[in-house]
Each structure stands twice: as C-alpha cells, then as structure tokens.
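For reference, the structure discussed in these notes is given below.
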Amino acid sequence: MKRLTEERTKVLFEKLAKYIGSNVQQLIDRPDGTYCFREHKDRVYYVSERILKLSECFGYKQLVCVGTCFGKFSKTNKLKFHITALYYLAPYAQYKVWVKPSFEQQYLYGNHIPKSGLGRITENAGQYQGVVVFSMNDLALGFGVLARSTTECKTADPLTTVCFHQSDIGEYIRAEDSLF
Amino acid sequence: MDVVKAVLEKHQKELDKYKPITVEKHLECRLDVGSLLITDPNDLEDRQLANEKEEYLAALTRDNTQLLVNAIWELPTERVDESIVAKLPEPTTVLPRLRKPPGPRPLTKWEQFAKEKGITKKKKDKKTYDDVLDKWVPTYGFKRAEAEKDKEWVLEVPQNADPNTDMFQKKIDLRNEKVAKNEIQRMKNIVRAKKMDMPRSGYLGPEAASSNQLLTAVTVAKSSTASVGKFQSKLPKEKEARGLGVKELIPGGKRKASHITAQPEREANLDLIKSVLNKKPKLDVEKAIQLQKQDERLEREAEGNKPAKKGGKKGGGKGSRKAVGKKPKGHQGQRAPGKKGQTGRKRR
C-alpha cells in the first residue's frame, strides 16, 4: 500500500468531483476517524487509518485488498471506477437518474439507458455529467455518464441513448475476479 | 689393512648418506607414472607428526618419491644425447577440467519465439515446379537468380507510383534492405547471447526504428541541451517516452523526490480538493447554447400555457384601445352590388 502521487490524487479527485461534486470533501473530512486513499497494484483503495495500520503487517505480495476499492488506474494514468465505489458515490450523488422497473434488468446486464428506460432525471444536468443510476424505489444500481443533457432528454426520441452505462451492480457477478 | 679398513669405512659412510632404494609400506601406493603422480593411502603417524613434523613429512615424501622413481626406472629407457630418457605411458588419473564445459548454443530470438509457439521448421524441396516457366526451378542457390530473371523479365509499375520508377532497381533495393536488416538482427542475437548491453538510444532510421524507439530518440534529443530541455517548446499533443529503462537514457532525468510531504495527508488532500473544486470551468459554448435554448423554450411554454387574456401585455399601445382582437375575416361582409359608389365588401 502506498500513498498516491499528487498527480494521481488529482486525477482521483477530479473524477470523484464529476459524480459527487463538492461532496468529495466529505470523504476526507469525516467525523468518524480519518480516512485516506491508498494505492496497491494500480488500484485505489479507500481505507480508514485504523484498518490501514492493521494491514501494514502484510507484505505487498500477500495483500489482496484493503478497505473499499474505488477503481483502477490505467497505464496512461486514467482512472476507471469500479462498482465497489458505488457505496460511497450513491449517498453523495448530485445528479441522479432513475430507471423504470421494466428497464432495471436490462441495465443490470450492462446496457446503456435509452429514453424509453428513463424514469426520472435530475434537473439541469449537462451532457457528459457523471450520474448515479437508481431504481424507482431508490436503490442504487450503478453509475454512468449522461449522453444527453436533461433538456435534450425531454425532446429526444425513445430509442436514443440518454445515459451511457459505466458500471452496475451486476458486475459483482460478471466481473467478480477483477473487481477488488 | 688400515688402508682397507679406511676405504670400507669411507664406503659405509657414503652408504649411510644415501637411504635405501627399497621402501616398505603397509598399503601399496597407487602410481600413475603417466602424470608422475603417486597417491599414498597409508595413515600418517600421529605422534611423529606432532613431535617432529617437518622431518617426518620430508622423510615420507622422499620415500614416496623413491617409489615413483623406482617405477620410472622400470620403464624401457633409451639414450638420447648423453642422457637417459624414458617414455611415460598414458596418464590414468582423470583430472577435472580447468573451465566449465560450454553449454548449449543460446537460441536466437526467432528460435526462442518458435519454440514458445511450437513452430517447427518445414523442410522445403530443393526444386519446385514453376507454372510460369513450365519447368523445375531451384528453390535457392545455384541458378535460382537466373530463373528469377527469366520469370520476371518485365515488371508492372503500380498505378499510384511515378511512371519513371525503376521497378527492377526497387526490387534490388528492397532485397538489400532485407539483407541489412537480417545482419542487424544477427548482430543483436550475438549481443543478446553474450549478455552485453545494447545501445538503446540513437536514431536507427525510419525503416528500422519502431515508434517507441523514435519516441525515445525524440525525448532524449530534446533533453540533450545545456539546460536539459527545460526551455524546449512542446507540440500540442506530444507524448513523453515511457517504459522500462527509458528514464536512464534521458539526461538530467533524475529520480523524483518522494511525493510524501511533511504536510499531513489529510490537509494535503483537502487542499488538493479545494484546488480541484475551485478550478474555473471552461466556457462551454455548447452548454451555453443549450441553456439559452432551454430558457427560451421555458418562456415559450409559459406563454403558451397562459390563457389568452384580453389586452394582456399590449395595454400601453395607443391610448385606451383595449380590444384589438383578431384581424377581420374576409368573405363575410354584406355585399350591395346595386348601389353606386360602393364596390367590394362592406368596410367596417
């Protein structure tokens, strides 16, 4: 486990800010102890300092995963969030998309959301805004990026993609081995 | 008699000076006359070794050497130029090698690849039947080039090429290039086998260099100024060379200082977040247009939803003309065709 370089930390915060905006601060500035981001084999983990201390007993090779895996850095220094980050993204999300019950399964299989599957959407979301996807009874299903802004959504025809799929909770089964 | 006695005494003394040539041993010594080697399997006498070490060892060595010399004297001898010579037999003791035996020849890069992939060499026939020439032509070697010349006595100039290009020369050039490339690869194989360092930088030419090598060469060249490339301008989307061992090639590319600062991590992170959040957003023209459109649309919708009140907005126009209403429709007036001075419809 090592501390992220400044460059990577910046990439991480910029990415987080896309989904949860100024709530990034709340991930670091927590009342219930200090939490920090650590890097292990190019993956970013969000760990409480207490658990981090315990993990220091283990060597680099023995250690599989500590805390919550947020995502993975590519070789070109781009960060890709894993579905495991949803637990922290969902409560802080500023822009949300609700999916109709009929489209829920489709979404969980990894499909983009078309206009016909869209139940509700937060007002004033721009194009390419990072959003968290919820089912109609407010269960977080995943996250993605808006393909159309909210206003464009209203005029779009039912088959156009409204939100690009990035990750969904189906990945816990589909991508079990590469998730953590 | 005195004389005889003296002579005998002298002889005895002389005999005493020399030790006997016969040596008694408990166990027989192993002799290898060919390599002038004698091995004594008898135990050393501990007491003597402790008390008079040097003399004992010298005596033992003499005895053993005597045995060896005895064995040499048993060999057939001959006289060459006033000296007696014996021909030694072949040595029987096997001596270990001075150097380690050479291992198998290291594989070339291709051989290694072929082994990994399980590619085996297919033997080609020495002669193949050529349909064009209608005869058997050697696959390689003697008279091969001749056959080639017979076969390709004319060459087509491709449509997109300059019509004056010498296609024959081009073919020769291509072949020469292949030969040169092969030579380079042969050299590389030798270097690799000897585990020497190959120069990794430098310009190999557009044909030979891979894109990575070119990138490395550019990066190295750019930082090879007096100010280690600090003031070199960059192209808009220029990439830095990356990869194993590239950093060592770049002059002035020192190891970075540790990114862990004295500032506590939490504060450092909060600062970074602040800078990320406070970044001024770029002017997104598309987004601005969208917002504008949205506003307009909302306005229009609001207008459309309002019930058409009488004189809602235009109250301050001309005096107290309230009901402007709609434009009068045509074809509804009463016509009075008989009356003079009145043409067309009745005007209100």
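The values are calculated or read from the model by the stated rules, or taken from the named source; none is laboratory data. Bear in mind that the values here come from a model prediction, so they are computed numbers and not experimental data. In this analysis, Cβ positions are derived from the backbone assuming ideal geometry, glycine residues included, and neighbour counts consider all displayed protein chains.
Would you confirm whether any residue within the range A:54-62 is surrounded by fewer than 20 Cβ atoms within 10 Å (Cβ to Cβ), outside the structural domain of A:T160 (by TED's automatic domain parsing) and either of a type in the set (D, E) or closer than 30 Å to A:E152 by Cα (or both)?
Initial filter on the range A:54-62 (surrounded by fewer than 20 Cβ atoms within 10 Å (Cβ to Cβ)): A:54-62.
Restricting the remaining residues to those that are outside the structural domain of A:T160 (by TED's automatic domain parsing) gives A:54-62.
Filter once more, so that each one left must be either of a type in the set (D, E) or closer than 30 Å to A:E152 by Cα (or both): A:56.
Yes; the residues of the range A:54-62 include at least one that is surrounded by fewer than 20 Cβ atoms within 10 Å (Cβ to Cβ), outside the structural domain of A:T160 (by TED's automatic domain parsing) and either of a type in the set (D, E) or closer than 30 Å to A:E152 by Cα (or both).
Before we move on, is B:A208 touching a Phe, Trp or Tyr at 6+ places or on another chain (Cβ under 9 Å) and either hydrophobic (A, V, I, L, M, F, W, C) or closer than 30 Å to B:E111 by Cα (or both)? Outline the logic, then answer.
Working: touching a Phe, Trp or Tyr at 6+ places or on another chain (Cβ under 9 Å): no; either hydrophobic (A, V, I, L, M, F, W, C) or closer than 30 Å to B:E111 by Cα (or both): yes.
Taking the combined requirement at face value, the residue does not satisfy it.
Considering the range A:48-62 alone, what residues qualify as being in contact (Cβ under 8 Å) with a residue 24 or more places away in the chain and either within 12 Å of another protein chain (Cβ to nearest Cβ) or part of a strand (DSSP E or B) (or both)?
A:L52
Looking at (1) more than 24 Å from A:N77 (Cα to Cα); (2) surrounded by 11 or more Cβ atoms within 10 Å (Cβ to Cβ), which is the only condition B:A226 fails?
(2)
For the range A:136-151, state whether one or more residues are within 14 Å of another protein chain (Cβ to nearest Cβ) and closer than 19 Å to A:E14 by Cα. First the steps, then the outcome.
As a first pass, look at the range A:136-151 and keep what is within 14 Å of another protein chain (Cβ to nearest Cβ): A:146-151.
Right, trim to closer than 19 Å to A:E14 by Cα and you get A:146.
Yes, the range A:136-151 has at least one match.
Which ones in the range A:122-164 are outside any strand (DSSP E or B), under 13 Å from A:W98 (Cα atoms) and of a type in the set (A, V, I, L, M)?
A:M136, A:L139
Test A:G33 against the criterion of being at the interface with another protein chain (Cβ under 10 Å from one of its Cβ atoms), out of contact with any Cys (no Cβ under 9 Å at 6 or more places or on another chain) and at positive phi, and give yes or no. Even if it seems obvious, please write down each step before you answer.
Values: at the interface with another protein chain (Cβ under 10 Å from one of its Cβ atoms): no; out of contact with any Cys (no Cβ under 9 Å at 6 or more places or on another chain): yes; at positive phi: yes.
Criteria not met by A:G33.
Only one residue in A:A85, A:A156 is within 14 Å of another protein chain (Cβ to nearest Cβ) and touching a strand residue (DSSP E or B) at 6+ places or on another chain (Cβ under 7 Å). Which one? Before the answer, list the steps.
Values: A:A85 fails: within 14 Å of another protein chain (Cβ to nearest Cβ).
Going through A:A85, A:A156 in turn, just one is within 14 Å of another protein chain (Cβ to nearest Cβ) and touching a strand residue (DSSP E or B) at 6+ places or on another chain (Cβ under 7 Å): A:A156.
Among residues belonging to the range B:70-97 that are in contact (Cβ under 8 Å) with a residue 24 or more places away in the chain and of a type in the set (A, V, I, L, M, F, W, C), point out the one that is surrounded by the fewest Cβ atoms within 10 Å (Cβ to Cβ).
Our first condition is that a residue be in contact (Cβ under 8 Å) with a residue 24 or more places away in the chain; within the range B:70-97, this holds for B:70-72, B:75, B:88-93, B:95.
Okay, now just the ones that are also of a type in the set (A, V, I, L, M, F, W, C), so B:71-72, B:75, B:88, B:95.
Numbers: B:A71: 15, B:I72: 14, B:L75: 12, B:L88: 13, B:L95: 8.
It comes out as B:L95.
Is it the case that the range B:183-198 has a residue that's modelled with pLDDT under 90, of a type in the set (D, E) and farther than 30 Å from B:K247 by Cα?
no
Identify, please: which residue in the range A:7-30 is more than 25 Å from A:H165 (Cα to Cα) and charged (D, E, K, R) and is, among those, nearest to the other protein chains (Cβ to nearest Cβ)? Even if it seems obvious, please write down each step before you answer.
Here is the first cut: in the range A:7-30, the residues more than 25 Å from A:H165 (Cα to Cα) are A:7, A:25-26, A:28-30.
Narrowing further to those that are charged (D, E, K, R): A:7, A:29-30.
Values: A:E7: 8, A:D29: 7, A:R30: 10 Å.
Result: A:D29.
With within 15 Å of the chain's Cα centre (by Cα), in a strand (DSSP E or B), in contact (Cβ under 8 Å) with a residue 12 or more places away in the chain and away from every other protein chain (no Cβ under 14 Å) as the only criterion, which of A:G71, A:G119 stands out? Break it down into steps so the answer makes sense when it comes.
Numbers: A:G119 fails: within 15 Å of the chain's Cα centre (by Cα).
One residue alone meets the criteria, A:G71.
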